[in-house]
1. Which residues does the label zone of Leu139 cover in the range 108-129, counting backbone N under 20 Å from a point 7 Å along Cα→Cβ?
2. Order these peptides, 135-148, 8-21, by their mean beta-carbon neighbour count within 10 angstrom, highest first.
3. Report the FRET efficiency, 1/(1 + (r/R0)^6), for Phe32 and Thr127, where r is their Cβ-Cβ distance and R0 is 41 Å, rounded to 0.05.
4. Could you give the length gained by full extension between Ile193 and Gln83, i.e. 0.36 nm per residue of separation minus their alpha carbon distance, to one decimal place?
5. Sorting Glu84, Glu149 on the 10 Å Cβ count, fewest up front, what's the list?
6. Could you compute Rg(Cα) / (2.2 N^0.38 Å) for the range 3-196, with N its residue count?
7. With labels modelled as points extended 7 Å from the Cα through the Cβ direction, what inter-label distance (nm, one decimal) is found for Met157 paired with Trp53?
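Just so you know, all these numbers are worked out from the coordinates, no wet-lab data involved. Fair warning: this is a prediction, and the values are worked out from it, not measured in the lab. Counting neighbours? That spans all protein chains shown, and the Cβs are built from the backbone with ideal geometry, glycine included.
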Amino acid sequence: MTGNRFKIIALCLLAVVAVFTYVNPVFPREQFLQQAGTVLLVAVLLADLRKRWFSNVAFLGIALFTVLHLIGARYIYSYVPYQEWLQWMGDWQWLHTSRNHYDRLVHLCFGMLLFPALIEFSRRRVTAHQVMSVLVAWLMVQTGSLIYELFEWGLTMVLSAEDAEGYNGQQGDMWDAHKDMALAMLGSTLAAIPYLFGTGRSSR
């Protein structure tokens, strides 16, 4: 399967998911506010169809992360019913907690799923050196995570307390931003290991 054909199919499936997330929206106003990130991610994917910046693996990572975000946006993260979904597959009582942890999963995946695209960008635009390219990509994840948390903090300055809480999904945790950044760091560290030791490969 050629690169563009694979990417077009991935984009079509992503579009189907996006449409379904807007069927009978649960939080229509808040869901709309969440889509700034979606627009940015989709713009990168569409541009790649012409520019061919990324391998299939990197492209798929961005697309999968976008899917996770679309699902989170539909339920404004704090109310994603993943516990109910997991019950269909058996007894997952050990995952039942008072806090909804879907946002934690997405921050972890931010580091893991976007890392292939970031390291390809690093190798193309910054340095071809194996270790340095991994370090640059790893630092880009941490910088992106930090900027996003600062963005959320900035929203608390301009939105009402209720809207800010709904968008940020802190769920009463004063250390929410710190934990989110730590998970993004963990995800990118795990993703960096195969590239650091030379086993990560790009496939176009």
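1. 111-112, 114-129
2. 135-148, 8-21
3. On the way: r = 40 Å, r/R0 = 0.97.
After rounding, the FRET efficiency stands at 0.55.
4. Additional length available on full extension: 36.5 nm.
5. Taking fewest neighbouring Cβ atoms as first place, the list is Glu84, Glu149.
6. Numbers: Rg = 17.3 Å, N = 194, 2.2 N^0.38 = 16.3 Å.
Scaled against compact globular proteins, the figure is 1.06.
7. 2.8
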